[in-house]
Amino acid sequence: MATPRPEAAPGIYRQGHEPINPAQAEEAKVPTGQLLWRAVLNLVATFATYYIGTFILMWVTGTLFGWFVGTSPEQFNVVQILINLVTISCAAAVFWRTGRWREVWRRFLTPAGWRKNIAPVLALAVTHEGPTPVRPAAEPAAVPAADPWIVQRVGGASDAAAKLDRSSVGDVDYVRIQRAWESAQADAAFVPAFVDQVMARGGAAFAHPSESRDLLVRKGRHDLLLQQVRLGTTQDVVKNPPTHRATGFALDPTLLGTSLLAVGPAGTGKTARLARPITEALCLQTLAGTACTVVIGATESDLGPESWYDVVIAPGEPGSAYGLDLYGATQDPDEAAARLAEALLPDELNARAESARTTLQQVVGPFKTAYGRYPGVRELRSLLAGEPDILDPLVKALRASGQLALYERDLDHRQRQQGRADDPGVLLADRLALLDRPAFEGAFATDGTGRMPFAMRVLDHPLRVRVKLPERSHPEAARILSRLVVGQFVVAAAAREDRSLFAGLVVDDASAALDANTIRGLQRMRGANAGAVLLLRTLMDLPEALRTQLFGAVGCRMVFPGIAPWDGKFFSEAWGTHVVHETEVTHTPDTSGGVVRRAGRMGRKALSGTTAQTESVTTRDVERLRWSPSDLAHALPAGHAVVSLTAVSGEQVPPLLVDLRG
């Protein structure tokens with residue numbers, strides 16, 4: 001609570017962060033040995049200037065001006081002291097800057113510099129008895145934490161504050177209760193209700209519906225006050241901006257709101273060092289009442305235990321309690337059918353997407369009107385195949401409700417298409433057959449007889465959802481479900497009326513989940529307080545037409561070691577160039593001088609075998625790629641990543657080399 005959190009650029013973990021002065025960052029580039037040697041030389045020059053300058057001034061004053069003639073010893077001493085002060089002041093002023101004594105003082109003589117630079121060296125000192133670590137100076141006493149409930153005491157809820165002082169309160173509880181207090185401030189009538197809840201439950205007041213107040217397992221470092229999760233440390237290298245060198249690297253909703261694309265081969269740490277910490281952070285924020293979370297990945301993906309989630313959707317597991325609403329609980333049949341058609345068709349069949357979308361709308365709409373619900377997977381297959389056992393009762397139900405005239409044209413058109421070689425219904429029925437398997441029994445039921453269906457319309461509630469895809473047993477069905485869930489999330493997140501909660505989506509393998517409509521939806525989510533984290537093994541898994549669109553739709557881009565050069569080319573072009581101050585040294589044979597110098601050079605060459613050369617130095621500003629495709633493909637060390645950031649406000653951070661292992 002008492003740890004300072006100064007303002008910082010996006011991507012910096014602000015808890016305990018010490019801002020870097022740009023001047024100090026520039027001075028810090030000087031190596032330690034060079035800095036101390038220069039300081040010693042300037043110190044010697046200062047004393048030499050002092051003594052020589054004092055002698056000259058005394059001689060000039062006494063000889064040329066005759067100031068000392070007839071003066072008393074006391075007057076002589078006063079003049080001598082003044083001359084000494086003038087000389088030492090001028091010498092120190094001149095050599096203070098050239099010796100960089102201020103940087104020496106900051107690095108080695110201040111308490112912080114002592115702990116950072118001197119203590120580690122002394123700790124390695126050894127004696128004849130063995131290594132004896134020298135302890136650094138004692139840390140200053142911790143600053144007492146400020147009153148965490150001061151706003152409640154001042155705002156008329158002193159009894160609640162006293163109750164909270166006696167209760168066990170964690171960081172999740174604190175953020176959740178403070179959020180409830182902010183909501184109570186909207187109307188003075190809500191303050192008594194706030195007090196009653198706190199007096200009754202203490203630190204458990206306003207708890208998440210699951211009654212969970214924390215996660216059973218935490219591996220990441222989180223600051224829930226700022227909704228940040230620390231992922232690693234930015235490296236102290238020239239390619240990183242000075243403000244981001246040797247600082248904690250963190251992500252928060254202001255960055256995730258522009259969506260994050262991460263590309264790297266399997267085994268490079270995308271899931272363990274990126275997806276899991278972000279998932280953990282979003283789940284904690286959900287318990288604190290500031291976010292809602294949807295996580296999509298294979299059943300075997302390490303995205304946290306099931307205890308982290310409120311809803312676990314596992315279509316391939318018979319014991320799963322929740323199913324998936326294929327239509328997203330939308331009330332518009334045409335919209336529901338269009339969304340389902342986009343999920344059913346793979347990328348290679350997008351040329352027939354429009355006709356397939358129309359075909360699905362021709363059967364979903366009449367069924368919804370006749371029976372008041374959407375058709376299940378098996379019923380939808382029968383409708384597309386034109387089986388009389390389901391079409392005749394549908395026509396009778398529409399006639400009985402007086403709605404037959406409204407859908408008669410759609411049904412007649414559907415019957416005329418049956419049996420034709422280009423009938424889209426056959427293709428859709430074949431694709432639906434992938435979901436009509438015994439392993440998925442009851443997972444997509446719409447008549448209330450199967451599992452409890454989950455729909456994305458609940459994104460305005462603090463809910464944690466995990467979707468387990470059966471990638472091993474039913475890979476093509478997993479691709480369909482991945483496209484369906486991501487498409488429903490993108491639409492539902494942008495359509496929310498209450499956007500106070502950050503809606504976070506994490507997709508462990510997004511290669512099958514993206515299409516043109518979904519990518520356009522990612523751009524709309526920036527203004528809807530929502531964002532997605534998309535992980536890819538390679539950009540080649542996407543259709544060529546979608547790669548450039550995806551790079552333009554996301555604001556944060558991250559690359560892991562081991563990518564192919566053609567993948568690195570996309571990142572390199574997206575990150576562009578920057579101006580570099582380049583120094584070029586040219587050596588040419590020395591041909592100057594007369595006969596004597598030439599003879600001397602010939603003798604030197606005969607004796608040493610080297611030719612005398614002249615050196616010319618050229619400095620210029622040139623544009624260079626921030627990260628070349630070759631650097632990204634071959635120069636990234638293991639456990640590291642290069643990431644560029646864009647905040648929702650538009651503030652950008654150039655590519656950073658980050659160590660994700662700490």
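The values are calculated or read from the model by the stated rules, or taken from the named source; none is laboratory data. All values derive from a computational prediction rather than experimental measurement. Here the Cβ positions follow ideal geometry from the backbone for every residue, glycine too, while neighbour counts run over all protein chains shown. Heavy atoms of the whole protein, side chains included, go into the accessibility calculation; ligands, DNA and RNA do not. Shrake-Rupley method; radii C 1.70, N 1.55, O 1.52, S 1.80 Å.
Quick one: in region 32-41, of everything that is under 46 Å from the mean Cα position of the chain (by Cα) and open to solvent by 70 Å² or more (accessible area, probe 1.4 Å), which residue is farthest from residue 85 (Cα to Cα)?
Top of the filtered list is 34.
Quickly run through region 127-176 and pick out the residues that are β-branched (Val, Ile, Thr), within 30 Å of residue 218 (Cβ to Cβ), open to solvent by 60 Å² or more (accessible area, probe 1.4 Å) and at pLDDT 50 or above.
Those that are β-branched (Val, Ile, Thr), within 30 Å of residue 218 (Cβ to Cβ), open to solvent by 60 Å² or more (accessible area, probe 1.4 Å) and at pLDDT 50 or above: 150, 151.
Among the residues of region 434-460, how many are closer than 13 Å to residue 377 by Cα, open to solvent by 30 Å² or more (accessible area, probe 1.4 Å) and among the hydrophobic types (A, V, I, L, M, F, W, C)?
Residues that pass the stated criteria total 1.
Which members of region 357-379 meet the condition of being among the small types (Gly, Ala, Ser) and under 13 Å from residue 394 (Cα atoms)? Talk me through it step by step, then tell me what you get.
If we filter region 357-379 for residues that are among the small types (Gly, Ala, Ser), which is where we start, we get 365, 370, 372, 376.
The answer is 365, 370, 372.
So residue 563 clears everything in (1) part of a helix (DSSP H, G or I); (2) open to solvent by less than 30 Å² (accessible area, probe 1.4 Å) except one condition, right? Which one?
Of everything listed in (1) part of a helix (DSSP H, G or I); (2) open to solvent by less than 30 Å² (accessible area, probe 1.4 Å), residue 563 misses just condition (1).
Test residue 545 against the stated conditions and say whether it is open to solvent by 10 Å² or more (accessible area, probe 1.4 Å) and under 27 Å from residue 647 (Cα atoms).
yes
Checking residue 472 against (1) more than 27 Å from residue 269 (Cβ to Cβ); (2) surrounded by fewer than 16 Cβ atoms within 10 Å (Cβ to Cβ); (3) touching a residue at least 12 places away in the same chain (Cβ under 8 Å), which single condition isn't satisfied?
Of (1) more than 27 Å from residue 269 (Cβ to Cβ); (2) surrounded by fewer than 16 Cβ atoms within 10 Å (Cβ to Cβ); (3) touching a residue at least 12 places away in the same chain (Cβ under 8 Å), only one is false for residue 472: (1).
Which residue out of 291, 298, 281 is farther than 26 Å from residue 452 by Cβ and either at pLDDT 95 or above or open to solvent by less than 10 Å² (accessible area, probe 1.4 Å) (or both)?
Only one candidate passes the filter, namely 281.
Report, by residue number, each residue of region 89-105 that is aliphatic (A, V, I, L, M) and in contact with a Leu (Cβ under 9 Å, 6 or more places away or on another chain). Explain how you work it out, then say what you get.
First, the residues of region 89-105 that are aliphatic (A, V, I, L, M): 91-94, 104.
Matches in region 89-105: 104 only.
How many of the residues making up region 467-488 are part of a helix (DSSP H, G or I) and of a type in the set (D, E, K, R)?
Residues flagged as part of a helix (DSSP H, G or I) and of a type in the set (D, E, K, R) within region 467-488 amount to 3.
Could you please tell me which pairs satisfy a Cβ distance under 8 Å, a separation of 6+ or placement on different chains, a first residue in region 17-40 that is small (Gly, Ala, Ser), and a second residue that is open to solvent by less than 70 Å² (accessible area, probe 1.4 Å) and at pLDDT 80 or above?
If the second residue must be open to solvent by less than 70 Å² (accessible area, probe 1.4 Å) and at pLDDT 80 or above, the pairs left are 25/242; 25/243; 25/245.
Quick one: which residue in 44, 60 is more than 24 Å from the chain's Cα centre (by Cα) and either at pLDDT 80 or above or in a loop (DSSP other than H, G, I, E, B) (or both)?
None of the other options fit; the residue is 44.
Of the residues that make up region 496-514, is at least one of a type in the set (A, V, I, L, M, F, W, C), assigned to a loop (DSSP other than H, G, I, E, B) and open to solvent by 30 Å² or more (accessible area, probe 1.4 Å)? Outline the logic, then answer.
Narrowing region 496-514 to residues of a type in the set (A, V, I, L, M, F, W, C): 501-503, 505-507, 510, 512-514.
From what's left, assigned to a loop (DSSP other than H, G, I, E, B): 501, 510, 512-514.
Next, from what is left, pick out any that are open to solvent by 30 Å² or more (accessible area, probe 1.4 Å): none.
Among the residues of region 496-514, not one is of a type in the set (A, V, I, L, M, F, W, C), assigned to a loop (DSSP other than H, G, I, E, B) and open to solvent by 30 Å² or more (accessible area, probe 1.4 Å), which makes the answer no.
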